[in-house]
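Read the figures in this text as sums done on the coordinates, not as results from a lab. Quick caveat, the model's predicted, so the values are computed rather than measured. Every residue, glycine as well, gets a Cβ built from its backbone with ideal geometry; the counts of neighbours run over all protein chains shown.
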Amino acid sequence: MHRAYKFLLRPTVRQTLALSEMLLDHCSLYNGALQERRDAYRHPSRTTVRYGQQSAQLKEIRAFDPERQGRWSFSSQQATLRRLDKAMQAFFRRVKSGDKPGYPRFRGVNWFDTVGFPKDGDGCRWDSTPHDPVTRVRLQGIGHIRVHQHRPVLGRVKTVSVKREGRQWYVILACDEVPAEPLPATGAACGIDMGIAHFLTTSEGEHQPSPRHGRLGAEALADAQRALKTFPRRKRENRTAKHRRAVEKAAALHRKVRRRRTDHAHKTALAMVRRYDVIAHERLSIANMVRAPKPKPDTENSGAFLPNGAAAKAGLNKSIHDAGWGVFLGILAHKAESAGRVLIPVDPRNTSRTCPVCGHVSGENRTTQEKFACTQCGHTANADLVGALNVAIRAGLVLPDVA
Ligand SMILES: [Zn+2]
């Protein structure tokens, strides 16, 4: 199995400076290579520059600029050129299919935050020796950086990347041959319904509450983003100190929301795989997740719409929820694979409007957010539970008359 591990780095002040310079130099390598491709593309002959040609120039670039480019690992520079190549190929693929994509852009140094090392031992070394209690990662041109290794690394380290997030630095290890950790069979199976009021409801009728921090985080984030809008649009270097702080605050809140979401998803997913051998869930459609929220007419005051701020908050709240389910299902899939559990994705259509007893489908079955009342057979139940039961029925886990 493949697994990725992400650990916080604890670089010294000198190492932090060196890490920033490494990003800066990789960024200028990326932009320089992009410039070359742009020039070739604009030239009447419409030449295409390929990865192989740019990679072949690396030796020269390093010899020409030993103070900067020459310091870093050759392979990591190749990885950066390959990243550009991927962006270009995606661009041409979209042009071919009739889209109008934007030409790949130059990256400002703040938009360039990752350096990849394609192979452990080549320009980088994951160093977790049993006799040293401190884990370090050695990077060419930087040295041995302390790693806050909060969990053991299983399997074989294939690639290493270094990433900047705000003021923090992380190392990300991609491993393969990670052994599975099967859990004992429990004989239990369930369907789950994911919702707003409850994060999830099982077909056994158990609710998992939505994380409180989701709403609080959304509010704080919406406030930070609104504050950001009061500043005039300016290039980064012309922003005032206040503006810069507001940008940093919004970014920090984004990271916080993301971190909490992942944490919550890990805990919830772990509890689920421990308990059930088989879990059925709605297949998430990406198209539904990214759809912009419709403006909400104010029911008390016909013709009027709720103020923009409220709609923005609700929209953001919804997008955080949607992202939460996506993250949860991704983590659930990983944990299920490792534990030897089975996941069954089912068609999500009408799971909230179908009567689990008689099969009658109608939007009127769902009277309110919480209540389900079948207009045909009169069956009433909690709406989230009905959703979970329908998911379980579709997966073949429960017979309809048992519901
Ligand atoms: Zn019914």
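Which pairs in the list K229/K256; K86/K158; K86/K335; K119/K163; K163/K335; K267/K335 are over 22 Å apart, alpha-carbon to alpha-carbon?
Exceeds cut-off: K86/K335; K163/K335.
Per-residue ellipticity at 222 nm for the chain, helices alone: DSSP H runs ≥ 4 residues times -39500 (n - 2.57), over residue total, nearest 500 deg cm²/dmol?
Per the formula, -14500 deg cm²/dmol.
Most exposed first by the Cβ proxy, i.e. fewest other Cβ within 10 Å, how do C27, C377 rank?
The most exposed by this proxy come first: C377, C27.
How would Y276, Y5 line up from fewest to most surrounding beta-carbon atoms within 10 angstrom?
Listing Y276, Y5 from fewest to most nearby Cβ atoms yields Y5, Y276.
What is the packing order of peptides 198-205, 115-122, taking the mean over residues of other C-beta atoms within 10 Å and listing the highest first?
198-205, 115-122
So what's the projected area for segment 363-402, the Cα convex hull averaged over all directions, in nm²?
Directional mean of the projected Cα hull area for segment 363-402 stands at 2.8 nm².
No partner Cβ under 4.7 angstrom, meaning no disulfide-compatible partner by this rule: which Cys of the chain qualify?
C27, C124, C175, C190
What share of the DSSP beta bridges in the chain is antiparallel, in percent to the nearest 5?
85 percent
If the cut-off is a Cα-Cα distance under 14 Å, which aspartates and glutamates reach K249, setting aside same-chain residues fewer than 8 apart in sequence?
E165, E219, D223
So how do C358, C190 line up by other beta-carbon neighbours within 10 Å, fewest first?
Ordered from fewest to most neighbouring Cβ atoms within 10 Å, C358, C190 come out as C358, C190.
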